[in-house]
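Okay, structure first, notes after.
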Amino acid sequence: MADQDFPTGTLMAGKRGLIMGVANKNSIAWAIARQLAAQGAELAFTFQGEALARRVRPLAESIGSDILVECDVTNDDTMDNTFATLKDKWGKIDFLVHAIAFAGKDQLAGSFIDNTTREGFKSALDISAYSFVDAGRRAAAMMNDGGAMVTLTYLGSERVIPNYNVMGVAKAALEASTRYMAADLGPRGIRVNAISAGPIKTLAAAGIGSGRHMFRFNKAAAAMRDNTDPMGVAGAALYLLSDLGLSCTGETHHVDGGFHAIGMPAEDAMTEASGG
Ligand code: NAD
Ligand code: 0WE
């Protein structure tokens, strides 16, 4: 990704919002944060635990943000504290970015039917889907007409992607939740959308057993014949969270180089995918 060249402007001037899910500089949430800041947004961040504070604090400071709250989405006290802090500092917010997912490593390999446990299923859906409903409810309580929220999803919700397993089920629940939230909040003028990003090299995508094959296959088979640039994801988030996105709600918008549109890769793409 080209660095530091997020288009500047005033699309987000006067808007304040919360970014959940920055772990480091490669996080999708960080690309979104930089793009929103480049358009004049004022940002607050949550981070998952003291270990990540060391990484997230300098990033937040680099764009002039001084609201940084520890939040584990499975812990109601930290969720209460996050939104109480925002209420205290700002009173109202304009947008929410949710970029959080987790499943136990043992749940993300091999046979879905054999390896998915009750606890693994519950925890993946709790962290990766319910957390958006929970944060969305709390955020909406602080939003006026014109508010907007965005979450991040992946094609594994719609099609089988090897090893994505219970995360695919959680993303399907997340996308359905997006539609129900959009219906509930629509009458109040609050929009709720999801961005379905293609594979991007982040912490969450590191250590995937089939990673090398996945990036090579996606690059070869995508309409654009390239992997997904986080700047495109950030651009989509800017559209959906700014007033450019008026009337768009309940949508799952793919930013994946057109990978999702392909039913059968062309013959030359398959030669490329298998290593030339
Ligand atoms: P990332 O590792 O940078 O971000 C994941 C974030 O989830 C981290 O900040 C982590 O702290 C947070 N998190 C996990 N469990 C949490 C908990 N219990 N409480 C609070 N935070 C918790 O990776 P990323 O790729 O930027 O992931 C962001 C989102 O994008 C995820 O929803 C992911 O599913 C989605 N996504 C990623 C890709 C990809 O290929 N990287 C593609 C499509 C969608
Ligand atoms: O949503 C994701 C990954 C989310 C994720 C990542 C991890 C890694 C470490 C959730 N839980 C965990 N648990 C861990 O212990 N993506 C869209 C990226 C991703 O992950 C895959 C993919 C892709 C793409 C896993 C298998 C196959 C493809």
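A few remarks follow.
- THR249 meets the conditions (1) over 24 Å from ARG34 (Cα atoms); (2) more than 9 Å from ligand 2 (Cβ to nearest atom) in every case but one. The failed one is (1).
- Flag if ALA101 is out of contact with any Ser or Thr (no Cβ under 6 Å at 6 or more places or on another chain), open to solvent by less than 60 Å² (accessible area, probe 1.4 Å) and within 16 Å of ligand 2 (Cβ to nearest atom): no
- Qualifying residue in the range 32-49 (condition: farther than 17 Å from TYR239 by Cα, touching a helix residue (DSSP H, G or I) at 6+ places or on another chain (Cβ under 7 Å) and part of a loop (DSSP other than H, G, I, E, B)): no
- Qualifying position, being among the polar types (S, T, N, Q), under 15 Å from the mean Cα position of the chain (by Cα) and more than 11 Å from ligand 2 (Cβ to nearest atom), among SER131, SER157: SER131
- Candidates GLY258, GLY211, filtered to the one that is at pLDDT 95 or above and not acidic (Asp, Glu): GLY258
- Test: residue in the range 182-205 that is open to solvent by 50 Å² or more (accessible area, probe 1.4 Å), within 13 Å of ligand 1 (Cβ to nearest atom) and either touching a His at 6+ places or on another chain (Cβ under 8 Å) or in a loop (DSSP other than H, G, I, E, B) (or both): yes
- Residue that is most open to solvent (accessible area, probe 1.4 Å) [pool: residues in the range 104-126 that are within 19 Å of the chain's Cα centre (by Cα) and free of Cβ contacts under 8 Å to residues at least 60 places away in the same chain]: ASP126
- Positions within the range 226-262 being under 23 Å from GLY146 (Cα atoms), of a type in the set (Asp, Glu) and not in a helix (DSSP H, G or I), in sequence order: GLU251
- Within the range 13-22, at least one residue is near ligand 1 (Cβ under 7 Å from one of its atoms), assigned to a loop (DSSP other than H, G, I, E, B) and touching a helix residue (DSSP H, G or I) at 6+ places or on another chain (Cβ under 8 Å).
- Test for ARG159: is it without any contact (Cβ under 8 Å) to a residue 60 or more places away in the chain, away from ligand 1 (no atom under 13 Å from the Cβ) and basic (Lys, Arg): yes
- Taken as a whole, the range 222-232 holds no residue that is open to solvent by less than 70 Å² (accessible area, probe 1.4 Å), hydroxyl-bearing (Ser, Thr, Tyr) and under 13 Å from the mean Cα position of the chain (by Cα).
- Some residue of the range 170-177 being over 26 Å from LEU244 (Cα atoms), more than 9 Å from ligand 1 (Cβ to nearest atom) and out of contact with any Cys (no Cβ under 7 Å at 6 or more places or on another chain): yes
- Within the range 113-128, being touching a helix residue (DSSP H, G or I) at 6+ places or on another chain (Cβ under 6 Å), away from ligand 2 (no atom under 11 Å from the Cβ) and not in a loop (DSSP other than H, G, I, E, B) holds for PHE121, LEU125.
- Condition met for ALA51 (open to solvent by 10 Å² or more (accessible area, probe 1.4 Å) and under 19 Å from the mean Cα position of the chain (by Cα)): no
- Residues located in the range 134-154, provided they are within 9 Å of ligand 2 (Cβ to nearest atom) and either assigned to a helix (DSSP H, G or I) or surrounded by fewer than 18 Cβ atoms within 10 Å (Cβ to Cβ) (or both): none
- When residues of the range 171-214 are limited to those that are β-branched (Val, Ile, Thr) and within 17 Å of PHE102 (Cβ to Cβ), the one nearest to ligand 2 (Cβ to nearest atom): ILE208
The values are calculated or read from the model by the stated rules, or taken from the named source; none is laboratory data. Bear in mind that the values here come from a model prediction, so they are computed numbers and not experimental data. Cβ: placed from backbone, ideal geometry, glycine included. Neighbour counts: every protein chain shown. These area figures cover heavy atoms from the full protein model, side chains too; ligands, DNA and RNA do not enter into them. Shrake-Rupley method; radii C 1.70, N 1.55, O 1.52, S 1.80 Å.
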